[in-house]
Amino acid sequence: MGAFDFVKIFRVNKSISIDLGTANILIYDKQRKKIVLNEPSVVARDRKTGKLIAVGKEAREMLGKTPDSIQAIKPLQDGVIADIDSTKEMITYFIHKIYGNSLFKPEVMICVPIEVTSVERKALFDAVRGAKKTYIIEEGRAAIIGSGVDISQPEGSMVIDIGGGSTDIAILSLDEIIASKSIRIAGNKFDDDIVKYVKRKYNLLIGDRTAEKIKKELASALEVQNPEILEIKGRDLETGIPNIVEINENEIYEAIEESLFQIVAATKEVLEKCPPELAADILDNGIIMTGGGSLIKNFIDMMEKEVGIKVFLSPNPLDSVVLGGGAAFDNKKLLRTLQMKEN
Ligand SMILES: Nc1ncnc2c1ncn2[C@@H]1O[C@H](COP(=O)(O)OP(=O)(O)OP(=O)(O)O)[C@@H](O)[C@H]1O
Ligand SMILES: [Mg+2]
């Protein structure tokens, strides 16, 4: 036995938090105080045997490019678990990838979409059978803690988490969710909007990954004076051959405008469900926006303008959920409000 294995066996207290996102899966190690895994939530299988061929980054490269014998699957879709077996396998694979066959039994915090069913919760508990204790926390709660907000006070705070598959909006007080709403309009929907727009306007077919690239580089939540321009490549639907067109920032705004406003509308709905005392707090403290989707240019300003309340971008939009899940281990009162399974 090497010295490293020896240390591993005696490192008994281990707490990890897992953000099971539609787009990305992240693992935070509380003792090492860092994010130890950040990979796309994708698995690739052999269509005939069902065997895993690749997981994470490697599997993502295969999306949309696989031969018929390989199937690339996103186990989580629209912010819910679409394929529980693949989800389980993905979690097991990643935990093993980081920690190998060490003997520790970790405490695990799984961050899940607000609307996960009880069947799915049970399946997730099963998925991490090697754990000493498994907790389940809603992403909204984790996201706001991970953005540095103290939710244990009798004071209202509000978060909008715009991920890949879903936007989760929640108002919290005293560690618990007071009002919430989850809609399936987030990053992936913006990508779809862009694909459709380019097809309609330019007769050009582009893939999801090209659309995502355009979104990250060019999308804006407000119309601007001097729009930036980008060349995009796709397949011309008339001639059937590859073609290049130029597209500008305001066109992308036009493409995603409706989805942006659906997120605004859902935010207003949650605010309407808020008890008056907490509404006063939110007016004072503002709203936190987080998740990859909140990185769209000018989204913070646009939201602020539409709801008339100060809006702040989380200090770590892509990591807030997993960091908040890790921080939740330190809040004994909050832990008591979470569903937990001991092995
Ligand atoms: N700079 C950026 N500008 C615009 N969108 C971005 C940017 N960076 C990432 N995104 C988008 O954010 C989304 C991923 O965000 P995130 O990692 O928060 O989602 P997730 O947690 O995996 O999904 P969910 O919370 O819905 O399960 C993707 O749609 C991605 O394209
Ligand atoms: Mg998320």
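The values are calculated or read from the model by the stated rules, or taken from the named source; none is laboratory data. What you see is a predicted model; the values in this text were computed from it and never measured. Quick reminder, even Gly has a Cβ in these numbers, built from the backbone with ideal geometry, and neighbours come from all protein chains shown.
Couple of notes before you dig in:
- Looking only at residues in segment 101-127 that are without any contact (Cβ under 8 Å) to a residue 40 or more places away in the chain and over 27 Å from residue 181 (Cβ atoms), the one that is surrounded by the most Cβ atoms within 10 Å (Cβ to Cβ) is 126.
- Only one of 191, 126, 161 that is outside any strand (DSSP E or B), modelled with pLDDT of 95 or more and out of contact with any Cys (no Cβ under 6 Å at 6 or more places or on another chain): 191
- Residues in segment 14-25 that are crowded, with 24+ Cβ neighbours inside 10 Å and either within 8 Å of ligand 2 (Cβ to nearest atom) or under 22 Å from residue 191 (Cα atoms) (or both): 19, 20, 21, 22, 25.
Here's the yes/no breakdown for (1) within 14 Å of ligand 2 (Cβ to nearest atom); (2) under 17 Å from the mean Cα position of the chain (by Cα); (3) buried (at least 23 other Cβ atoms within 10 Å of the Cβ); (4) assigned to a strand (DSSP E or B):
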{"position": "134", "(1), (2), (3), (4)": "no, no, yes, yes"}
{"position": "141", "(1), (2), (3), (4)": "yes, yes, yes, no"}
{"position": "148", "(1), (2), (3), (4)": "no, no, no, no"}
{"position": "155", "(1), (2), (3), (4)": "no, no, no, no"}
{"position": "168", "(1), (2), (3), (4)": "yes, yes, yes, yes"}
{"position": "171", "(1), (2), (3), (4)": "no, no, yes, yes"}
{"position": "181", "(1), (2), (3), (4)": "no, yes, no, yes"}
